[in-house]
Every structure is written in C-alpha cells, then in structure tokens.
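Undergrad: What follows is a single structure, and I will ask about it in a moment.
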Amino acid sequence: MIKEFFRSIYVVAYREILRFIRERSRLISAFLMPIMFLVVFGAGFNRLIGEISPGVDFIQFMFPGILAMTVVLGSLFSALSIVWDREFGFLKELLIAPLSRTGIILGKAVGGALTASIRGLILLIFAPLIGINITPILVLKLIPMILLISITLSGVGFVIASRMRSQQGFQGVMNFVFFPIIFLSGVFFPLNSTPQIIQTLSKFNPMTYGVNALRQIFFNNINVINPNDKNVQPIGIEIFGHITTIWENIAILATIGIILMITATWMFSKEE
Amino acid sequence: MEIIRVKNLHKNYKKTEAVKGISFSVKKGEIFGFLGPNGAGKTTTINVLCTLLKQSSGEAYLDNLEISKNQSEIRKRIGLVFQDTTLDDYLTAEENIKFHGYAYNMPKNLIIQRTENLLKMMDLWDRRKENVRSYSGGMKRRLEIARGLLHLPKVLFLDEPTLGLDPQTRRKIWEHINEIRLKDKITIFMTTHYMDEAENCNRIAIIDHGKIIALNTPEGLKVDLGGDTIQITAENIPEAKKEIQSLKLSPTIRDNNISFQVQNGGEFLPNFVQNFKQKIHSVELRRPTLDDVFISLTGKAIREQNQNSTEQMRSWRNRRGMGGNR
C-alpha cells in the first residue's frame, strides 16, 4: 500500500516533468509572460511610483510577486491538466493502473510544483538586472517556499478540476479564479494602501500569504534597519491588528494547502 | 479452467438499471465476445470487470479473486484497450509504453525487453521515437494493444477494439490479436457491435437491454437459427420441388427460385447435387449471419439502434468501407 502510494506520486510527477520539457510552447510562455510583466509594468510604473520602501523601488517590490505569479500560473495549469487528461482519455490509463488515487493527485501536485520551481528559478536569472542580489542562501530559502506555494495553489486547481468535464471550462476558470487570485494578492501593489474591501478579500486568498512570504524572504532586513521609521510600511498582513511574520504566513499557507488537498483527493476518490 | 466467473451481476445507475442480472463464465485462453447494441450494458459490464465500477449486487471473480475486493491485484492481471484512445499524445510511443511499465511496477529490464518485442510485433518499432500525435488511428490502436499487453496480463479486455477504423486496418489488428493469443496464451474478453468482428470469437454472449439473451459459439448460434439456406434454379421447377419434398425438406418458390433450409448446408450440398435427377441451372448456399441471429433473437437489426451522433459518424464510416467484406 505505502509503496504503491509513493510509486503513484513518482510515476505521475515523472510524466508531468517529461511533458513540461516536451511542450516547447509551455516552456517559452512560462518564460516570456513574467518578463513581459516585469518590463511593461516595472519599467512603465517605476519612474512614476518611485520607492515603495526605502531601498526598494517598484520593480524590485514587484519581482517577488511576479515570481509567485509564475509559480501559481504553472501549478494551476498543471492541476487543470487533469481535465485535459480526462477529456483525452489518459486519466483512464491512470485509473486502471495499480496506483493509488491519492497518490495520483499528489503526483500531479508534486510534478506541478517541481516544474513551477524550474520556471521560478529561470526567472531569478533576471533579478540582478533590476538590482536584486541573488545569493545561494536566498535561492535555498526560495525553493521550499516556491514548492509550498505551488502545492497549495494547485489544490485550488484540483478542487475545480474535479468538477470539470471539458476544457471549455478552462477559460472561465482563468477569468474567475486565476485573475482574482493574482490581483487580490498584492503582486502589483502593496495591499496596505488599497481600499478596505480589497484588503479584507485578500486575506481569504492563499496566494496573499505566499507573495508576502516571498517578499519577506527577499527584503527581510528592511524593517530591521528602520524599526522606528513610521514611514516604512512593514511587509506582512494585518490580521486583527497583528502583522504576520514569515513563519505565520507559511503556517497559514500550509494549512490552507492541506485543507485544499484533502478536499481535492476526497472529491477525486469519489469519482467512479 | 475458468478465468472469469460472473454470477447474477446487477448494476444500477441513479435511476436506470444498466445490467439486469447476468451470469456467465469465460474459459482460460478463449476469445469471449459481448455482442450487442450501444447501451445494452456491454461497457458497464467491462467496467465492473476491470474495477472501474462497483457492481450493485451479484458476484464477479477474475482468476478466483472477487473483483471489487481485490482491486489492486485484479489491475495487475488485466490489460485494457478502451473504445477511445487513452494515450498521451504529447509523448512518444516508447514513452507511453515505458510509463505504463513504471505504473505497473515492472522491473526495468523486463520493460525494455517487452517494449521491443511488442512494438516489433505491432510493426511500430521503427516509429517508436515519434510523438503519438503523428500516429494514424490504426497505429494508435496497435500501440494501445501493445501497451495493454506489456505487463503480461492474464486477460486482455478489448472494448470495441476496431471502432472507427477502416476494414484493412481492422483485419490487420485482428491478425495481431490472434498472433498474441497463440503466443502468450492469453484470454481475450471483447465487446463489439460489428457482426463480422464477433465471428472471431470462440464464444459469444448476445446482450440486449442489460440481459444475456444467448450464449454460444458463432456456429452454434447460427445452427440454433435452423441451419443454412440453399437456393436453386432448375429447368422444371414443379418437378424439382417434388423431388426436394421427397427428401423431407420444405421448399418454397419465389421468383423462379426454390429455396429450403438444411442443417450443415456445406456437407449436404455435394451429395444433393450429385443425386438430384432434375437439371439444375444454379445453386446457391447461404449461411446465416450473426445479423440473422441477432434479428431473430431481438426482433431488430443491431444497427437500427446506433443513433447517437458520434456513433452515427463512426458507423457510417465503417459501413462505407464494409460492403466488400460481407
């Protein structure tokens, strides 16, 4: 049983990675889209907006957000690929193999997380161009964070995918799920300066905690340098007057992720 | 030796009863066919036998294991080829096969060896590095059969194995299936609604509205129908008729043809012609087809019922090419 479970994860994740490498268009778009965002938004708004925190200008502020967006886009797509598999029949090949259903779902999530990390690491190449120093320690801290964000957000994808029978629903999901998740997570602007309603909504968005945690990894020393400077907005999410630390962000993200994954595997195993 | 044993199997969906209590058994090494129109319960039964569905009641055993209670063990013992392809188009043929090997926990060297054997047997070895996307329908089906056989299953399930393929490809696939069966001594369980395809089976169960209404060899089913039809034209029809009646047969005359039914027409005919005293112009022996059997059992032709849209297209495509075959 246990062996079957891990084999399922391995086999399914293996295929996800194989396909990721195979599909050039996916690889290229994964690469180009965030660059586009960085160049268009970053270069365009950078002069207008100036520094968000001392020593952090807009494009630098946005960079962790773009990284999170790249990861989330990848993991949502890999989760939704289960709909693709269902429509084109391959899911049946998985379901009749001696594999565990939970293992198949987790394999998809792990495969998606690994490919998302590859996308994320590719993006880090551009960090020095906008004045962010990449150190080996930073990369080591980023990888587990990227994996966590990816697995949690693919949970959202799985819950939706378990109810979808055709790819036509894809477009709807992109509009109604992906964009709100992105825009309500503080990728493009600091949430502290948005209207109350957006701030409230954003607190229910798992990605908010992911983006925030990534920012805290990139710019962890800002608040420490100027702890008493009232003009510096701390990086963190205010919940009942408390500003979250990185570990609290991670804990919230992981909790949401576990709930989503349990829901997804339960819905999937119910499927005949 | 029985490999599959089904007793009083029922399967209900929310409101409809798809399978209404069927019992049958499949012998080791035979080709067992389920013949029936769409919606008769063929695919539902296969899905129960291959662990994709749980029966509502009744028992089903494969290799002496109760199927719903030993899912994982059953899955290792069976290979499946579905109506619609279940290949990953974005991977090569070889990658699809290897993935299957990993999923079934086969040792690496066995995967390599079996992949080579099977792809060569299916004439796909030269194109193994190509993406499946570039394959034709027949190649995809052959690849799926190869994949279904990779893990040395005891039973190979073929759900409408040649649906939507042209006659030449269908014949080729059947050559392959027969080759495999002799080589690997494997049991084949198939469903079809093509009569000519059902002729390949050792035994056929005819299923309609969720029930088995006949189970026999193709020959047996035809014999049950009352044998073959012989039709002759003679110089003197009334005299010829009298002579036939003297053989204790009941001839009928239509359009200057005399026709009558006999058991085993092939053996009857040479003697009949030799000893017949009247002058005969022509003789025609017509064996009953499974179509005749199906019509006599259900009161309707099997194709009249295939009227959903995708099916229509498929059967049209097949009917177009099938004329010469029948």
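Taken together, the values in this text are just the output of simple stated rules run on the coordinates, not laboratory data. Computed from a predicted model, the values in this text were never measured in an experiment. All Cβ positions, glycine included, derive from the backbone under ideal geometry; neighbour counts span all protein chains shown.
Undergrad: Using Cβ contacts closer than 10 Å as the measure, can you line up A:Ser150, B:Ser134, B:Ser250, A:Ser185 from fewest to most?
TA: Numbers: A:Ser150 31, B:Ser134 11, B:Ser250 8, A:Ser185 22.
Final ranking by Cβ density, sparse to dense: B:Ser250, B:Ser134, A:Ser185, A:Ser150.
Undergrad: Another question, if that's okay. Let me know the longest stretch in chain A that avoids all chymotrypsin sites (Phe, Trp or Tyr not before Pro) found in a DSSP loop with at most 11 other C-beta atoms within 10 Å. Walk me through the numbers before you get to the answer.
TA: Numbers: sites that count: A:Phe204, A:Phe240.
After excluding every exposed loop site, the longest remaining stretch is A:1-203.
Undergrad: Right, another one. Tell me, what is the percent relative contact order of chain B, built from C-alpha pairs under 8 Å that lie six or more residues apart?
TA: Numbers: 561 pairs, mean separation 65.4, N = 326.
Answer for chain B is 20 percent.
Undergrad: Distance cut-off 21 Å, Cα to Cα: go down the list B:Lys241/B:Lys279; B:Lys69/B:Lys185; B:Lys7/B:Lys69 and report the pairs above it.
TA: Working: B:Lys241/B:Lys279 12 Å; B:Lys69/B:Lys185 26 Å; B:Lys7/B:Lys69 15 Å.
Among B:Lys241/B:Lys279; B:Lys69/B:Lys185; B:Lys7/B:Lys69, the Cα-Cα distance tops 21 Å for B:Lys69/B:Lys185.
Undergrad: Same structure, new question: To make sure I understand, if each residue's beta carbon is the centre and we count other beta carbons within 10 Å, what order do B:Ile180, A:Ile217 fall in, fewest to most?
TA: Listed from fewest to most nearby Cβ atoms, that is A:Ile217, B:Ile180.
Undergrad: Among B:Asp224, B:Asp88, B:Asp255, which one shows the highest mean-square fluctuation when chain B is modelled as a Gaussian network with alpha-carbon springs under 10 Å?
TA: In the Gaussian network model the winner is B:Asp255.
Undergrad: Per 5 Å bin, what is the whole-percent P(r) computed from every C-alpha pair distance within region B:7-130?
TA: 2, 9, 16, 18, 17, 14, 12, 9, 4, 1
Undergrad: Filter the trypsin sites (Lys or Arg not before Pro) in region A:140-178 to those in DSSP coil with at most 16 other Cβ atoms within 10 Å of their Cβ, and list the result. Intermediate values should be presented prior to the final figure.
TA: Details: sites: A:Lys141, A:Arg163, A:Arg165; in loops: A:Arg163, A:Arg165.
Loop-located and lightly packed - A:Arg163, A:Arg165.
Undergrad: Could I get the Rg over Rh figure for region A:2-269? Both from C-alpha atoms, Rh via Kirkwood, rounded to two places. Mind dumping the intermediate values first?
TA: Details: Rg = 18.8 Å, Rh = 19.2 Å.
Across region A:2-269, the Cα-based Rg/Rh ratio is 0.98.
Undergrad: Okay, moving on. In whole Å, largest first, what are the principal axis extents of the Cα atoms in chain B?
TA: So the extents along the principal axes, rounded to whole Å, are 75, 47, 40.
Undergrad: For region B:235-286, run through the GluC sites (Glu not before Pro) and keep only the ones in DSSP coil with at most 10 other Cβ atoms within 10 Å of their Cβ.
TA: Working: sites: B:Glu235, B:Glu239, B:Glu243, B:Glu267, B:Glu284; in loops: B:Glu235.
Listed in order of number, the matching sites are B:Glu235.
Undergrad: Continuing with the same structure: With an 8 Å cut-off on Cα pairs and a minimum separation of 6 or more residues, tell me the relative contact order of region A:2-269 in percent. Could the numbers behind the result be given before it?
TA: On the way: 327 pairs, mean separation 66.8, N = 268.
About 25 percent, as a whole number.
Undergrad: Out of region B:155-259, which trypsin sites (Lys or Arg not before Pro) are coil in DSSP terms and have no more than 12 other C-beta atoms within 10 Å?
TA: Values: sites: B:Arg170, B:Arg171, B:Lys172, B:Arg181, B:Lys183, B:Lys185, B:Arg203, B:Lys211, B:Lys222, B:Lys241, B:Lys242, B:Lys248, B:Arg254; in loops: B:Lys185, B:Lys248.
Here the trypsin sites (Lys or Arg not before Pro) that fit, given the DSSP loop and packing criteria, are B:Lys185, B:Lys248.
Undergrad: Let me ask you something else. Determine the calculated [θ] at 222 nm for the protein assembly as shown from helices alone, applying -39500 (n - 2.57) to every DSSP H run no shorter than 4 residues and normalising by the residue count; nearest 500 deg cm²/dmol. Please list the in-between numbers first.
TA: Values: 25 runs with 313 residues, N = 598.
Here the helix-only value at 222 nm equals -16500 deg cm²/dmol.
Undergrad: With just the Cα atoms defining each centre, how far is region B:180-230 from region B:67-120? Give it in Å.
TA: Using only Cα atoms, the two centres lie 28 Å from each other.
Undergrad: Can I ask one more? Please give the per residue volume of the convex hull enclosing the alpha carbon atoms of the protein assembly as shown, rounded to a whole number of Å³.
TA: Values: hull volume 115.2 nm³, N = 598.
Convex hull of Cα atoms, per residue: 193 Å³.
Undergrad: Treating the beta-carbon of each Lys and Arg as +1 and of each Asp and Glu as -1, no other charges, what is the dipole magnitude of the protein assembly as shown about its Cα centre, to the nearest 20 debye? Don't jump to the answer; show the numbers that get you there.
TA: On the way: 71 positive and 53 negative charges, 99 e Å.
Here the size comes out at about 480 debye.
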